[in-house]
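The values are calculated or read from the model by the stated rules, or taken from the named source; none is laboratory data. Model, not experiment: these values are computed from the prediction. Glycine gets a Cβ as well: all are built from the backbone with ideal geometry, and neighbour counts include every protein chain shown. For the accessible areas, the whole protein counts, side chains as well, though only heavy atoms, and no ligand, DNA or RNA atoms are used. Shrake-Rupley method; radii C 1.70, N 1.55, O 1.52, S 1.80 Å.
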Amino acid sequence: MASWGGAEEQELDTRNQQRAFALAGKVSALRGLALDIENEAYEHNRLLEGMGNDFSGSEGLMSGSINRVKNLLSSGRQNRKAMCYMAGFVVVFLFLFWYLISKVFSST
């Protein structure tokens, strides 16, 4: 069994301390990164909850609109003129929307 000299032991101790300080720095950096990830996840969850609430509100709006259209369709001959106007409006709106989108994408 070899006996370590005082200088060699001091050198090993110094290297060990340097590596311990380097490791402590890396652990500190990883801890900071973990906290940043936690904060980012919290913000994303908050954003997603807000979007869920917004979609719930729009779902109610859409279901109300669909119910009104169903009532209009079920009313029979009384509102055929209104239905023709509504169908015409939808066709014109879709054509105008398609035209604007094609202009936007063709100019870029």
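Quick notes on this structure:
- Surface accessible to a 1.4 Å probe, per residue, for the residues of the chain, Å²: 94 Å²
- Taking Cα centre as origin and charging only the Cβ of basic (Lys, Arg, +1) and acidic (Asp, Glu, -1) residues, the dipole magnitude of the chain rounds to 1500 debye.
- Acute angle (nearest 10 degrees) that the helix 80-107 long axis makes with the longest principal axis of the chain, alpha-carbon atoms: 40 degrees
- Extension gain, residue 75-residue 15: 0.36 nm per intervening residue step, less the Cα-Cα distance, totals 12.7 nm.
- Computed from Cα atoms, the angle from the helix 6-74 axis to the main principal axis of the chain rounds to 10 degrees.
- Rounded Å value of the spacing that divides the Cα centres of the stretch 55-108 and the stretch 9-47: 57 Å
- Dimensions (Å) - the stretch 47-108, Cα atoms, principal axes, largest first: 46, 37, 8
- Segment residue 7-residue 63, extension gain: residue separation times 0.36 nm, minus the distance between their alpha carbons: 11.9 nm
- Positive-pole candidate from 44, 94, 12, dipole of the chain, charges at beta carbon: 94
- Quarter of Cα convex hull surface for the chain, i.e. mean projection, nm²: 17.0 nm²
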